[in-house]
1. Which residue pairs have Cβ atoms closer than 9 Å, lie 6 or more positions apart in sequence or on different chains, and pair a first residue in segment 49-65 that is within 19 Å of H95 (Cα to Cα) with a second residue that is modelled with pLDDT under 90?
2. If you go through segment 129-149, how many residues are loosely packed, with under 15 Cβ neighbours inside 10 Å and more than 12 Å from A78 (Cα to Cα)?
3. Return the total of residues in segment 87-109 being outside any loop (DSSP other than H, G, I, E, B) and either small (G, A, S) or free of Cβ contacts under 8 Å to residues at least 24 places away in the same chain (or both).
4. Taking segment 120-154 on its own, how many of its residues are under 20 Å from the mean Cα position of the chain (by Cα), closer than 24 Å to K65 by Cα and either of a type outside the set (A, V, I, L, M) or modelled with pLDDT under 95 (or both)?
5. Which condition does K152 not pass, out of (1) loosely packed, with under 12 Cβ neighbours inside 10 Å; (2) touching a residue at least 24 places away in the same chain (Cβ under 8 Å), if it passes all the others?
6. Select from segment 105-119 the residues that are polar (S, T, N, Q) and at pLDDT below 95 and list them in ascending order.
7. Name the single residue, out of those in segment 84-119 being more than 16 Å from F54 (Cα to Cα) and of a type in the set (A, V, I, L, M, F, W, C), that is farthest from the chain's Cα centre (by Cα).
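The values are calculated or read from the model by the stated rules, or taken from the named source; none is laboratory data. As the structure is a computational prediction, the values presented were derived from the model and not from experiment. Positions of Cβ are backbone-derived with ideal geometry, glycine not excepted, and every protein chain shown enters the neighbour counts.
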Amino acid sequence: MRALKIKKPAKWVVLYVFILSGCANANPQSSPAQDALYSDNGNASKDADAGSNFDNLDLVDAGLKGKVAVMRVGSQLADNNLLSVFAGLKNRTEHRLDLEVETIYKDKAGNALNAGSWILVSLKAHQDQEYRSTSISSDAVDFLIRVRRAKKSK
């Protein structure tokens, strides 16, 4: 490989600035996926939950911490005026995780509109999967997604 020969000091300065500008634009290391959050309410009305975040997702079992990464949480108002919610979950373990997920929809006053039903979600090792749900009432403007380990069948 040939050595770079630069004879004038001004060229060294240009080369140095060029190298630094390339390093400054490099993406820094991002935080782990479990710390990431995506909230999408671009189509939501002013009454819809504009603050979708980790407050809208509850890992019920403390034992899931470090095993399940929450990739994103959000909501949007669908064309039929029903609240549609989603959560991206990732299995961070080497084995399958059987989870149960429920969504509780709330009205403007914060009252629950449904009792919620637990839906089985199985994640293969290191799998990333999105959970989605839509309310059955146009009164829903807020939500809580709850995640727990699936009950063992006897």
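1. Within 9 Å, the pairs are K65/Q34.
2. So the count comes out to 2.
3. 2
4. The qualifying residues number 14.
5. (2)
6. N114, S117
7. Step by step, filter segment 84-119, then rank; the result is A109.
Yes/no per residue for (1) part of a strand (DSSP E or B); (2) touching a strand residue (DSSP E or B) at 6+ places or on another chain (Cβ under 7 Å):
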site	(1), (2)
M71	yes, yes
Q76	yes, yes
N80	no, no
V85	yes, yes
S117	no, yes
L144	yes, yes
